[in-house]
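Participant: Structure in structure tokens, see below.
The values are calculated or read from the model by the stated rules, or taken from the named source; none is laboratory data. None of these values were measured; they are calculated from a predicted model. Heads up, the Cβs are rebuilt from the backbone with ideal geometry, glycines too, and the neighbour counts pull from every protein chain shown.
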Amino acid sequence: MMGTYNPADVLHALPEVFLSVVAIVVLILSFAAPKQRGWIETVSIIGVVGTGILLVRAAVPLFEPGAAAVSVFSGSYLVDKFAIFFKVVFLLATLLVILMSIDYLPLVGAPIGEFYAILLFSTVGMMFIASGGNLLTLYIGLETMSISLYILCGFLKQEKKSNEAALKYLLMGAFSSGVILYGISLLYGLTGALGFKEIAATIATMDLGNPALLVAMVMLTAGFGFKIAAVPFHMYVPDVYEGAPTTVTAFLAVASEAAGVAALLRVFLGAMPHIQVDWTIMFWILSVLTMTIGNVVAMAQQNIKRMLAYSSIAHIGYILIGFVAGAKLGISAVLFYVLVYAFMTAGAFAMVILLRTETVKGDLIEDFAGLGQAKPIAAAAMLVFLLSLTGIPPTAGFVGKFYIFGAAIKAGYVWLALIAVINTAISLFYYMRVAMVMYMREPPKALVVSPSRPLHVAVAFAVLGTLIIGIYPGPFLEFAQASILGLLQ
């Protein structure tokens with residue numbers, strides 16, 4: 001039930017408030033003590049961990065039997081299990097990116113304080129997306145996240161590709177934001193409401209064949225399709241992923257796409273469940289195009305960041321399968337896959353950073369040549385991520401695809417599941433090509449990897465997450481299933 005605003009409402013948004021304050025402190029430190037390394041990174045990590053603790057405190061009452069979601073700020077902000085799940089993913093991704101960045105930023109000559117401050121502000125925007133109770137709050141969260149990411153993509157000012165990535169992302173992002181806003185305005189004009197439940201209740205009484213309603217649905221699909229890099233709204237992704245700093249690329253691939261999925265679920269399941277027949281057909285087509293084009297084009301890539309860019313596009317296609325399947329099984333499989341994807345993709349980009357030195361950029365697949373002989377532990381970690389991205393047991397990627405494909409078959413979308421299986425077989429070619437280069441090629445005379453301990457911690461954490469979820473998925477799947485109950489009511 002929507003309530004009126006009172007000062008106590010801010011306590012429910014304490015995680016976001018705390019992280020915003022930490023981001024401001026980090027920004028001040030970057031100007032007050034720009035050459036003092038260590039303080040800014042430590043404060044950033046404390047901010048993420050502290051936000052996680054506040055989030056756990058807010059989550060405990062929600063997972064008790066009979067607990068209901070909390071709606072504050074006149075219904076514009078929701079504290080429910082769905083929001084908690086995605087905020088956990090965002091904070092995990094942010095923590096991993098901070099660990100990857102501690103020694104990477106000085107190596108590439110990027111400003112340190114501003115980077116961490118903007119990274120935290122972007123995370124705050126993502127958290128508001130997850131808790132958005134109406135279209136306006138969700139849109140503000142999207143813009144907070146997007147504007148921060150535009151800046152992060154162009155952080156290497158001395159590099160032409162970084163500037164090009166930022167400009168492309170800005171232009172395409174501004175266009176997609178306008179499309180989303182146009183869809184929101186149409187929905188508001190049709191229903192006179194911004195809240196998801198109010199919109200859904202009004203649509204239930206309307207003619208579902210109303211052309212304006214269908215146009216609004218298409219506009220929102222196109223806008224959110226850009227945010228999650230679904231085909232044909234993906235054209236910016238390879239160039240942006242290649243040109244942006246690698247830690248930013250990891251953040252884009254994991255946290256930004258997870259935020260887009262959260263927004264997609266909030267809007268389509270919360271506001272437009274009554275026209276599910278229409279948008280299911282549309283997402284069926286998008287899913288097939290996205291996974292197929294992503295996998296096929298990835299085979300031709302020599303730059304590993306571009307290969308992983310097309311890989312991320314393909315994985316969005318797999319995620320859309322669960323969205324098409326719908327119901328509890330399909331949507332919980334989507335959430336579970338988002339968590340799985342975060343670990344294996346962040347880990348793969350961390351391995352790219354591991355090969356980054358003053359003389360080697362580590363961006364090419366050939367840069368991994370001989371890693372299995374020179375650095376067998378590092379090669380084994382990369383192999384775990386490649387196997388998981390492919391979907392081979394006993395990794396988390398296998399379990400994620402098993403539940404996604406199973407949900408599609410149970411819902412009657414057998415052909416969609418079959419196409420996904422074929423695409424998985426295609427992906428085996430380019431993932432195993434990296435493994436072949438690592439183990440079947442001779443290493444260069446002096447193959448050097450980054451000695452960064454924080455980066456090693458990030459890689460180890462991603463490996464553990466990928467293997468633990470793959471071997472013992474039960475608790476994580478239960479968490480995903482519990483997180484979607486309120487969303488489907």
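Participant: Can you tell me which residues in segment 94-125 are farther than 15 Å from Lys157 by Cα and not aliphatic (A, V, I, L, M)?
Facilitator: Listed by number, the residues that qualify are Thr94, Ser101, Asp103, Tyr104, Gly113, Tyr116, Phe121, Ser122, Thr123, Gly125.
Participant: Same structure again: Out of all the residues in segment 258-278, which are within 11 Å of Phe224 (Cβ to Cβ) and touching a residue at least 40 places away in the same chain (Cβ under 8 Å)?
Facilitator: Ala259, Val261, Ala262, Ala263, Leu264, Leu265, Arg266, Val267, Phe268
Participant: Touching a Lys or Arg at 6+ places or on another chain (Cβ under 9 Å), of a type outside the set (Gly, Ala, Ser) and modelled with pLDDT of 90 or more: which single residue out of Tyr310, Tyr318 fits that description?
Facilitator: Tyr318
Participant: Those residues that are β-branched (Val, Ile, Thr) and surrounded by 24 or more Cβ atoms within 10 Å (Cβ to Cβ), I need them from segment 125-162; list them, please.
Facilitator: The one that is β-branched (Val, Ile, Thr) and surrounded by 24 or more Cβ atoms within 10 Å (Cβ to Cβ): Ile129.
Participant: Here is a check on your reading of the model: is Val79 exposed (fewer than 15 other Cβ atoms within 10 Å of the Cβ) and either over 20 Å from Ile140 (Cβ atoms) or β-branched (Val, Ile, Thr) (or both)?
Facilitator: When the stated conditions are applied, Val79 does not pass them.
Participant: Could you look through segment 105-123, keep only residues that are of a type in the set (Gly, Ala, Ser) and closer than 18 Å to Arg356 by Cβ, and pick out the one that is surrounded by the most Cβ atoms within 10 Å (Cβ to Cβ)?
Facilitator: Ala110
Participant: Helices (runs of 4 or more DSSP H) wholly in segment 199-316 with at least 2 residues that are surrounded by 24 or more Cβ atoms within 10 Å (Cβ to Cβ) and of a type in the set (Ser, Thr, Tyr) - which ones?
Facilitator: 246-251, 276-298
Participant: When segment 183-213 is examined, which residues are found to be within 27 Å of the chain's Cα centre (by Cα) and touching a residue at least 12 places away in the same chain (Cβ under 8 Å)?
Facilitator: Gly183, Ile184, Leu187, Leu194, Gly195, Phe196, Lys197, Ile199, Ala200
Participant: Going by what's in this entry, would Gly125 be described as more than 21 Å from Leu220 (Cα to Cα) and either at pLDDT 90 or above or not β-branched (Val, Ile, Thr) (or both)?
Facilitator: Spelling it out, it is not the case that Gly125 is more than 21 Å from Leu220 (Cα to Cα) and either at pLDDT 90 or above or not β-branched (Val, Ile, Thr) (or both).
Participant: How many of the residues making up segment 1-46 are polar (S, T, N, Q) and at pLDDT below 85?
Facilitator: Qualifying residue count for the region: 4.
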